[in-house]
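K.L.:
Submitted below is the structure of interest, expressed as structure tokens.
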Amino acid sequence: MPGRCGTGTPVPACRCPNGRRPGLSPRERGRLVVHSTPHTPAGHRGSRRTSRPTRRRLAGAAAAITAVVGLSTLTSPGAQAADNPYERGPAPTQSSIEALRGPYSVSETSVSSLGVTGFGGGTIYYPTSTSDGTFGAVAIAPGFTAYQSSMAWLGPRLASQGFVVFTIDTNTTVDQPASRGEQLLAALDYLTQRSTVRTRVDSSRLGVMGHSMGGGGTLEAAKDRPSLQAAIPLTPWNTDKTWPEVSTPTLIVGADGDTIAPVSSHAEPFYSSLPSSTDRAYLELNSATHFSPNSSNTTIAKYSISWLKRFIDNDTRYEQFLCPLPSSSLTIEEYRGNCPHTS
């Protein structure tokens, strides 16, 4: 691999795992039907008939009550939560997914490499509130020669939208993509089983992200653990160009000016090799480089948030930002994908 990867240090060429969750619909929970039956005092049954106008008034009142109760059931936040128990946060808008911070306050905790095995430690960012229950989680790996700090901007940005985010260090900065994939999975296992925030995480709703060789590692992790709900490789690098084994919904982000992992030999063939049965998308950034994912980037953030929400949270409110496919713009060179999504 000529040139640089991860942090920009010159390096020689190198070889650099869906089901939907069940949820009761509003029609299956809490529907109240009021029946109108005139009350007759005990011992006087049949002794007096209710007049026809009175029966009509009672029937009309019952119908009105039923309609009001049914409407409140369908529109209340509790009813929406019953329809999708994994939905988190208010209804999204373009401005909310582009904002530097979402609706949740965020806390963070450091994880020492000395207290873990299988990866190099990292930082966990998580919503401070527990009132919404558990959250989906995503682990993020850096690129070749890089540290978690290169991806730190994504931690609070994603966590504030309702995710537990784990930016990790790798065992060594020169670990190859296959190793980085294994380390992403080890980090998720630690996060859900041993971490201090494990009770905040829904272990059935997990995803992976990564930059450069970390992006290549993201594909490796998705191949090895199909139960993952989302994968987002950012300007990915890998010597393996085909990924027919991947069934995890995958958003691949490339950069038109990437000379280290050119899209023609990395991001594009990676995307094209994904099975047509897999929910997939290819976003090519305009006027961007291999290192664009290393600093705050609104385009990367908004589509990453939408992808993670849609597939980790099964939140179809975010489908509007992914389908129809986004058009080319000042920040998007090209966007490809399948619509509508099937997962």
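K.L.:
Taking the condition buried (at least 24 other Cβ atoms within 10 Å of the Cβ), over 20 Å from N294 (Cβ atoms) and touching a Phe, Trp or Tyr at 6+ places or on another chain (Cβ under 6 Å), does G216 pass?
P.N.:
No: the conditions fail for G216.
K.L.:
Based on this model, can you work out whether S292 counts as farther than 20 Å from A230 by Cα, in the same structural domain as L100 (by TED's automatic domain parsing), surrounded by 17 or more Cβ atoms within 10 Å (Cβ to Cβ) and small (G, A, S)?
P.N.:
yes
K.L.:
Let me ask another. Mind listing whichever residues of the range 258-286 are surrounded by fewer than 19 Cβ atoms within 10 Å (Cβ to Cβ) and touching a Leu at 6+ places or on another chain (Cβ under 8 Å)?
P.N.:
N286
K.L.:
OK, next. Select the strands (runs of 3 or more DSSP E) contained entirely in the range 130-219, then report the ones holding at least 3 residues which are at pLDDT below 95, assigned by TED's automatic domain parsing to the domain that holds V106 and among the aromatic types (F, W, Y).
P.N.:
none
K.L.:
Does P236 satisfy the criteria of being modelled with pLDDT of 95 or more, closer than 21 Å to L158 by Cβ, in the same structural domain as V263 (by TED's automatic domain parsing) and assigned to a loop (DSSP other than H, G, I, E, B)?
P.N.:
So P236 fits the description; yes.
K.L.:
Does R55 count as assigned to a helix (DSSP H, G or I), more than 30 Å from K302 (Cα to Cα) and modelled with pLDDT under 95?
P.N.:
Considered against the rule, which asks whether it is assigned to a helix (DSSP H, G or I), more than 30 Å from K302 (Cα to Cα) and modelled with pLDDT under 95, R55 comes out as yes.
K.L.:
Here are the criteria: (1) in a loop (DSSP other than H, G, I, E, B); (2) farther than 18 Å from S343 by Cβ; (3) of a type outside the set (K, R); (4) in contact with a helix residue (DSSP H, G or I) (Cβ under 9 Å, 6 or more places away or on another chain). Tell me which single one V253 does not satisfy.
P.N.:
Going through the list (1) in a loop (DSSP other than H, G, I, E, B); (2) farther than 18 Å from S343 by Cβ; (3) of a type outside the set (K, R); (4) in contact with a helix residue (DSSP H, G or I) (Cβ under 9 Å, 6 or more places away or on another chain), V253 breaks only (1).
The values are calculated or read from the model by the stated rules, or taken from the named source; none is laboratory data. Just so you know, these numbers come straight off a predicted model, no measurement behind them. For neighbour counting, all protein chains shown are included, and Cβ atoms are generated from backbone atoms with ideal geometry for every residue, glycine included.
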